[in-house]
Amino acid sequence: MKNNQRIIISDNLEQDLTNAINQCEHDKIFILIDSSTEHLCLPLIEGYQCLNGYDTITIGTSDTVKNLDTLDKVWTNLGNGGASRHSLLINLGGGMVTDLGGFAASTFKRGINFINIPTTLLAMVDASVGGKTGINYNGLKNEIGVFNDSKFVILNTTFLNTLDNMNICSGYAEMLKHGLISNEKMWAELISFDLVNPDLAKLQRMVADSVSVKEQIVDKDPLEQGIRKALNFGHTAGHAFESFALKQGRPILHGYAVAYGMICELYLSAALVGFPTDKMRQTVKFIKEYYGLFDFTCNDYDHLLELMTHDKKNTAGIINFTLLSGIGDIKINQTATKEEIFDSLDFFREG
């Protein structure tokens, strides 16, 4: 399987969207939005001639609605709106919208075309690129889904003006991960960037660099058999934090969970495969400065460990980590003992 998704770094949104739609078979256009992007982002494109006669499907916000009930609503709206196998779904929103919308499009009438227009930094550098779609199920993140590429992803940083600082930070965590798995120059630029007063023009170039890292990896390994597991750095512990927070009724943004996961996995990288301690501490200092800390106690360690055992990257119940021997020096399929994982949680709380 080749990654056929076409990524457009856009500086003319109307022209780029028009060109993309013209290259997709469509008898009718549907736009999936959430109640936030309906007010903040849809007005930026709703007058475009290329969208003439579109229908909107509006869903709730936050990861808590990324579930079967919402998926059912999208399928129902497509069916009741007269969608056929030749219709086109445009997902306008953050990662929750592109994940759920991509899954809905991939399964409705055995699959219709879809275009992703990510409106958050996180979705631009992570969720909308690489063909992963899905929903949360049974209390677990992204438990049900398929690999299926959108026809196009249109990346336009105009939408970043609609974001608050927390959502900028959330997306930036995935960029930091891309730097750690790529090269020292990229990492050094990322940990010296001012996230409180971000330079959006500079950020646009950094987004293009970040997407390029992910694209190259996905192109080599679209179905995550090998090197694509590099993209999971920070995610084994991170998804556990995310699921834990969700179960406690205090959901955290995905990028914050990944940032916290990277603290644990940088510790494991230093302890188990020789990641340089100075670079670990520099990166952890940056994360703590901008992301704060996630509150849990040693009484929660067993629960967090249990959540890690449910991770999709595991085989036969053995927790599978991607670790780093150095910046860009990736070690996939690494394991750690219960004691080592608990040590990483200690480091997170005390380090």
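The values are calculated or read from the model by the stated rules, or taken from the named source; none is laboratory data. Since the model is a prediction, treat every value here as computed from it, not as a measurement. No Cβ is skipped: glycine too gets one built from the backbone with ideal geometry, and neighbour counts run over all protein chains shown. In case anyone asks, the SASA skips ligands and DNA or RNA and just uses the protein heavy atoms, side chains included. Shrake-Rupley method; radii C 1.70, N 1.55, O 1.52, S 1.80 Å.
If you take just the helices (runs of 4 or more DSSP H) that sit entirely in segment 249-348, which of them hold at least 3 residues that are hydroxyl-bearing (Ser, Thr, Tyr) and either touching a residue at least 24 places away in the same chain (Cβ under 8 Å) or over 30 Å from Val146 (Cα atoms) (or both)?
Details: elements: 254-273, 277-291, 301-309.
Where helices (runs of 4 or more DSSP H) fall fully within segment 249-348 and carry at least 3 residues being hydroxyl-bearing (Ser, Thr, Tyr) and either touching a residue at least 24 places away in the same chain (Cβ under 8 Å) or over 30 Å from Val146 (Cα atoms) (or both), they are 254-273, 277-291.
Where the second residue is surrounded by fewer than 17 Cβ atoms within 10 Å (Cβ to Cβ) and not in a loop (DSSP other than H, G, I, E, B) and the first is at pLDDT below 95 and lies in segment 47-75, which pairs have Cβ atoms under 6 Å and are six or more apart or on separate chains?
Here the result reads Thr61/Ser35, each pair linking segment 47-75 to a residue that is surrounded by fewer than 17 Cβ atoms within 10 Å (Cβ to Cβ) and not in a loop (DSSP other than H, G, I, E, B).
Inside segment 108-126, can you point out the residues that are without any contact (Cβ under 8 Å) to a residue 60 or more places away in the chain and not hydroxyl-bearing (Ser, Thr, Tyr)?
Initial filter on segment 108-126 (without any contact (Cβ under 8 Å) to a residue 60 or more places away in the chain): 108-112, 114, 116, 118, 120, 123.
Within segment 108-126, Phe108, Lys109, Arg110, Gly111, Ile112, Phe114, Asn116, Pro118, Ala123 meet the criteria.
Please work out which residue is surrounded by the fewest Cβ atoms within 10 Å (Cβ to Cβ), limiting yourself to segment 188-212 and to residues that are of a type in the set (Asp, Glu) and part of a helix (DSSP H, G or I). Working first, answer last.
Step one: of segment 188-212, the residues of a type in the set (Asp, Glu) are 189, 194, 199, 209.
Imposing the further condition that a residue be part of a helix (DSSP H, G or I) reduces the set to 189, 209.
Working: Glu189: 15, Asp209: 17.
Within segment 188-212, the match that is surrounded by the fewest Cβ atoms within 10 Å (Cβ to Cβ) is Glu189.
So is Leu122 modelled with pLDDT under 95 and not in a strand (DSSP E or B) or not? Lay out the reasoning, then the answer.
Values: modelled with pLDDT under 95: yes; not in a strand (DSSP E or B): yes.
Judged against the criteria, Leu122 is a match.
Being at pLDDT 95 or above and within 19 Å of Leu323 (Cα to Cα), is that true of even one residue in segment 153-172?
no
Inside segment 311-320, can you point out the residues that are open to solvent by 70 Å² or more (accessible area, probe 1.4 Å) and more than 19 Å from the chain's Cα centre (by Cα)? First the steps, then the outcome.
Our first condition is that a residue be open to solvent by 70 Å² or more (accessible area, probe 1.4 Å); within segment 311-320, this holds for 312, 315-316, 318.
Across segment 311-320, the qualifying residues are Thr315, Ala316, Ile318.
Can you name the residue in segment 150-187 that is closer than 16 Å to Glu289 by Cβ and open to solvent by 40 Å² or more (accessible area, probe 1.4 Å) and is also nearest to the chain's Cα centre (by Cα) among such residues?
Checked segment 150-187; the qualifying residue nearest to the chain's Cα centre (by Cα) is Met166.
Suppose we filter segment 125-147 for residues that are touching a Ser or Thr at 6+ places or on another chain (Cβ under 9 Å), at pLDDT below 95, assigned to a loop (DSSP other than H, G, I, E, B) and open to solvent by 20 Å² or more (accessible area, probe 1.4 Å); how many remain?
Matching residues across segment 125-147 total 1.
Can you tell me which residue within segment 84-130, out of those that are under 11 Å from the mean Cα position of the chain (by Cα) and small (Gly, Ala, Ser), is farthest from Tyr48 (Cα to Cα)?
Gly130
Just checking, which of Leu71, Leu44, Leu100, Leu92 is farther than 26 Å from Met166 by Cα and aliphatic (A, V, I, L, M)? First the steps, then the outcome.
Values: Leu44 fails: farther than 26 Å from Met166 by Cα; Leu100 fails: farther than 26 Å from Met166 by Cα; Leu92 fails: farther than 26 Å from Met166 by Cα.
Selected residue: Leu71, the only one of Leu71, Leu44, Leu100, Leu92 that is farther than 26 Å from Met166 by Cα and aliphatic (A, V, I, L, M).
Quick check: is even one residue across segment 151-158 on the phi < 0 side of the Ramachandran plot, in a helix (DSSP H, G or I), touching a residue at least 40 places away in the same chain (Cβ under 8 Å) and not hydroxyl-bearing (Ser, Thr, Tyr)? It would help to see each step written out before you state the result.
Let us first name the residues in segment 151-158 that are on the phi < 0 side of the Ramachandran plot, namely 151-158.
Okay, now just the ones that are also in a helix (DSSP H, G or I), so 157-158.
Within this subset, residues satisfying the condition of being touching a residue at least 40 places away in the same chain (Cβ under 8 Å) are 157-158.
When the remaining residues are screened for being not hydroxyl-bearing (Ser, Thr, Tyr), the result is none.
Looking through segment 151-158, none of the residues is on the phi < 0 side of the Ramachandran plot, in a helix (DSSP H, G or I), touching a residue at least 40 places away in the same chain (Cβ under 8 Å) and not hydroxyl-bearing (Ser, Thr, Tyr).
Output the number of the condition that Thr335 fails; it satisfies all remaining conditions of (1) β-branched (Val, Ile, Thr); (2) over 23 Å from Tyr172 (Cα atoms); (3) open to solvent by 20 Å² or more (accessible area, probe 1.4 Å); (4) touching a Ser or Thr at 6+ places or on another chain (Cβ under 9 Å).
Here Thr335 clears every test but (4).
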